[in-house]
Each structure stands twice: as structure tokens, then as C-alpha cells.
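K.L.:
Take a look at the following structure, please.
Just so it is clear, none of the values below were taken in a lab; they were calculated from the coordinates. Since this is a predicted model, take the numbers as computed values, not measurements. Neighbour counts are summed over all protein chains in view; Cβ atoms, including those assigned to glycine, are modelled from backbone coordinates with ideal geometry.
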Amino acid sequence: MSELKTPHAGDDMAKDDDVVSLLMRQHGDIRNLFDEVEAATGEERRDAFHRLVRLLAVHETAEEEVVHPFARKGFPGGEQVVKDRLAEEKAAKETLSALDEMDTDDPKFMPQLLKLRKDVQEHARAEERYEFTHIRRSTDVTNLAAMAKAIKAAEAMAPTRPHPGVESGAKNMALGPVAALMDRTKDTVRKAMGKG
């Protein structure tokens, strides 16, 4: 098995005292992991894909819990910006769930992965353009640092794979592994922000 692991923001020893810089770095990590999944085969592809799923789950959940609530109130037009991002995230989550149920060797896997990559990259560009720039202009360094801290806590504590049995079995089955992973990450983010 490969010794590679999902890149964590902070591995480059950056201080992570700015939520926008942290999220931008995660966008880069996500692009790199898509490259890894595409280039790998067999067990290495499965491993890279699981790391991609985890990073996407942590990233999107942190945005939903930390970034979007700020954006809704933090700048004019924020509500509509968040609404547009959530629609993009919903489409990406549906593709991700379908992929997560497939074997990475399945002939249908790569076309679906490429669709997901396109959706995720368009979503990331929209976030950077319509949300991140406004956040940086609309708050102070203390707030940017507090949001970054909550996201880092979620990243450190998020499960590497969903653990069935934590929720009810029926609920876990109905939600699927990606949704269960996102739920657990959401709980972690809320605890980190003192809302748990």
C-alpha cells in the first residue's frame, strides 16, 4: 500500500492564520489528488480516491459551516453567492456519492471522475472569485484566523473513512458513506467553533 497520505493544509508549515489562504491551498491539494487518482491504477487508485473523498468532504463541510454563514451576512449579495455555491456543491456531492459506490477499476469510473473534476474546478473558481475575495475584504485578521482554526480542527479530527454504527444502521445506509462522512465532519467543525 502506498505511503502517500491526503495532504493537509499546514504540511507546508504555513501558519494558517487566514481562512482564504487555507481554502485556496486546499483547492490546490484537491487538484493534485485528482491528478493522482487519474494517474494511478488498482490499489493505489483506490487509496488516492479515498483520500480525495476525505479532503472534498472536509473542505465542502467546512465551507458550509464556516464560510457560507459568514458570507451570507458579511457582504452585500452574499446570500445569492452562497445559494449559487450550494447548488454547485449539491451536484458535485451527487456525482461523488455515485463514484464512491463504484469500484475504481469499473470502466464507468474514469468518465464519472472527469465529470466530478470539471464540476469541482468550476465550483472552486466561482468560490475564489465571488466568495473568497469578498470575505477577505469584509472582515479583520482575527475573524480570518478564527475561521481557519475551525477548519484545521475539522481536518485533523475528520474520520479517514465513515464509521458505520455511529449513526443508526438504517440512517447510515440511506445516507451513504459520503453523506455519513460529511455529517461526522460537520459535528467536528461545530465543536471546534464552540457550537457543538
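K.L.:
If you put +1 on each Lys and Arg Cβ and -1 on each Asp and Glu Cβ, how big is the dipole of the range 19-169 around its Cα centre, in Debye rounded to 20?
P.N.:
600 debye
K.L.:
So what are the ³J(HN,Hα) numbers for the range 36-48, from phi and the Karplus equation (6.51, -1.76, 1.60; θ = phi - 60°), rounded to whole Hz, Gly and Pro as x?
P.N.:
Per residue, the Karplus-derived 3J(HN,Hα) values read 4, 4, 5, 7, 8, 9, x, 4, 5, 5, 4, 4, 4 Hz.
K.L.:
If you don't mind, another one. With θ taken as phi - 60° and the coefficients 6.51, -1.76 and 1.60, list the Karplus ³J(HN,Hα) couplings across the range 23-30 in order, rounded to whole Hz; mark glycine and proline as x.
P.N.:
5, 5, 5, 5, 4, x, 4, 5
K.L.:
Tell me, what is a quarter of the convex hull surface for the C-alpha atoms of the range 52-101, in nm² with one decimal?
P.N.:
Orientation-averaged projected area of the Cα hull: 3.3 nm².
K.L.:
Another question, if that's okay. Report, in listed order, any pair from 149/191; 93/149; 93/186; 90/186; 83/152; 90/149 with a Cα-Cα distance greater than 18 Å.
P.N.:
Pairs exceeding the cut-off: 93/149; 83/152; 90/149.
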